[in-house]
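The values are calculated or read from the model by the stated rules, or taken from the named source; none is laboratory data. Note that this is a predicted model, so its numbers are computed, not measured. Every residue, glycine as well, gets a Cβ built from its backbone with ideal geometry; the counts of neighbours run over all protein chains shown.
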Amino acid sequence: MSQVSRQKTSVVRGNWLYAFWKFSRPHTIIGTSLSVFGLYLVAFAVTSSEFATSQLISVLGAWLACMCGNVYIVGLNQLEDVEIDKINKPHLPLASGEFSRRQGQLIVAITGILALVIAWLTGPFLFGMVAISLVIGTAYSLPPIRLKQFPFWAAVCIFSVRGTIVNLGLFLHFNWLLQSKQTIPAVVWVLTVFILVFTFAIAIFKDIPDIEGDRQYNITTFTIQLGPQAVFNMALWVLTVCYLGMVLAGVLRLEGVNSVFLVITHLLLLCGMWFRSLAVDLHDKSAIAQFYQFIWKLFFLEYLIFPIACLLA
């Protein structure tokens with residue numbers, strides 16, 4: 001092969017990998033990854049287990065299964081929303097033409113199968129969590145059910161998977177892995193409720209920058225029903241409740257966490273969120289999108305801060 005041919009092949013491969021990265025929706029991949037490793041650290045801390053290298057294989061297996069499940073869910077959504085994404089998210093591979101519909105279907109089919117097989121080989125709780133998540137993700141996007149067209153059920157799908165199923169399922173899996181017989185402790189329930197409510201804010205906020213395409217294709221959202229300003233304010237106050245709830249848990253000295261660390265970090269994040277929100281222009285789509293990504297960064301931070309609080313207890 002000539003040097004020019006090798007360079008062309010390298011460029012094509014690089015473009016394909018970048019397109020696949022966009023297809024996987026990086027912010028969801030990062031969030032899912034942090035939830036896997038964060039829940040492992042929480043389980044490790046609350047069960048007072050000893051670290052063993054063999055645990056890493058099961059943790060990586062759980063991570064890989066969740067990654068494949070993540071790609072399946074977001075990929076299926078893109079397959080069903082190509083025309084809408086041409087308006088709302090023209091950079092996505094199917095909307096831009098970087099991937100053909102056939103390529104998208106193959107990726108979704110392969111990752112869905114891999115998610116189930118890897119989860120089944122890794123543990124019963126993980127398999128149950130992944131299977132339920134895929135069923136809900138399918139119902140969210142795929143006709144004739146297509147729950148995403150109903151604002152209430154769309155929000156329920158998103159925060160039930162990210163908030164409840166993922167957190168409790170991963171903890172039960174790691175609890176089983178660490179051979180602990182204890183039931184789900186209070187710290188895990190607190191984290192689950194926090195993420196559940198936090199994800200509701202993400203679910204309603206994500207439609208603000210997509211209002212044009214959703215309205216054109218008759219996708220009913222809270223943003224269309226209530227208006228961008230009302231949904232923006234609602235999301236801010238929902239997130240405020242989340243952070244004040246964590247502060248209250250710290251003040252009440254929740255067992256299994258470092259209360260001082262929990263209170264200080266969440267007060268700082270709450271102040272930072274409100275300060276950042278003051279600069280958002282709801283008439284500027286890019287500003288809205290940037291704040292949406294900022295909310296996801298706050299989501300990422302929780303899976304770093306809370307496990308640290310547990311390890312410091």
Hey, any hits in the stretch 259-273 for a residue that's without any contact (Cβ under 8 Å) to a residue 24 or more places away in the chain and of a type in the set (Ser, Thr, Tyr)? yes
Going by the structure shown, is TRP237 surrounded by fewer than 15 Cβ atoms within 10 Å (Cβ to Cβ), closer than 19 Å to LEU196 by Cβ and out of contact with any Pro (no Cβ under 8 Å at 6 or more places or on another chain)? yes
Could you list, in sequence order, all residues of the stretch 86-101 that are within 24 Å of SER33 (Cβ to Cβ) and surrounded by 17 or more Cβ atoms within 10 Å (Cβ to Cβ)? LYS89, LEU92, PRO93, LEU94, GLU98, PHE99
Considering (1) out of contact with any Leu (no Cβ under 8 Å at 6 or more places or on another chain); (2) of a type in the set (Ser, Thr, Tyr); (3) more than 23 Å from ALA154 (Cβ to Cβ), say which one SER58 fails and leave the rest. (1)
ASN218 is checked against (1) over 24 Å from the mean Cα position of the chain (by Cα); (2) modelled with pLDDT under 90; (3) not in a loop (DSSP other than H, G, I, E, B) and fails just one. What number does that condition carry? (3)
Which of the residues spanning the stretch 224-246 are in contact (Cβ under 8 Å) with a residue 12 or more places away in the chain and not aliphatic (A, V, I, L, M)? GLN225, PRO228, GLN229, PHE232, THR240, CYS242, TYR243, GLY245
Tell me which of these SER58 doesn't satisfy, since it passes every other one: (1) buried (at least 17 other Cβ atoms within 10 Å of the Cβ); (2) modelled with pLDDT of 95 or more. (2)
Scan the stretch 23-35 and give yes if some residue there is in a helix (DSSP H, G or I), among the charged types (D, E, K, R), closer than 23 Å to ILE132 by Cα and modelled with pLDDT under 95, otherwise no. no
May I ask you to list pairs of residues, at least six apart or on different chains, whose Cβ atoms are under 7 Å apart, with the first in the stretch 276-305 being of a type in the set (Phe, Trp, Tyr) and the second being at pLDDT below 95 and assigned to a loop (DSSP other than H, G, I, E, B)? PHE291/VAL280; TYR292/LYS206; TYR292/PRO209
Out of (1) at pLDDT below 90; (2) over 27 Å from ASP284 (Cα atoms); (3) of a type outside the set (S, T, N, Q), the odd one out for ILE158 is which? (2)
Could you tell me whether any residue of the stretch 41-49 is modelled with pLDDT under 90 and loosely packed, with under 12 Cβ neighbours inside 10 Å? yes
If we ask which residues in the stretch 162-195 are in contact (Cβ under 8 Å) with a residue 60 or more places away in the chain and of a type in the set (A, V, I, L, M, F, W, C), their number turns out to be 13
Within the stretch 72-120, of all residues that are small (Gly, Ala, Ser) and within 21 Å of the chain's Cα centre (by Cα), the one nearest to SER141 (Cα to Cα) is GLY75
In the stretch 33-52, what residues are more than 24 Å from the chain's Cα centre (by Cα) and not polar (S, T, N, Q)? GLU50, PHE51, ALA52
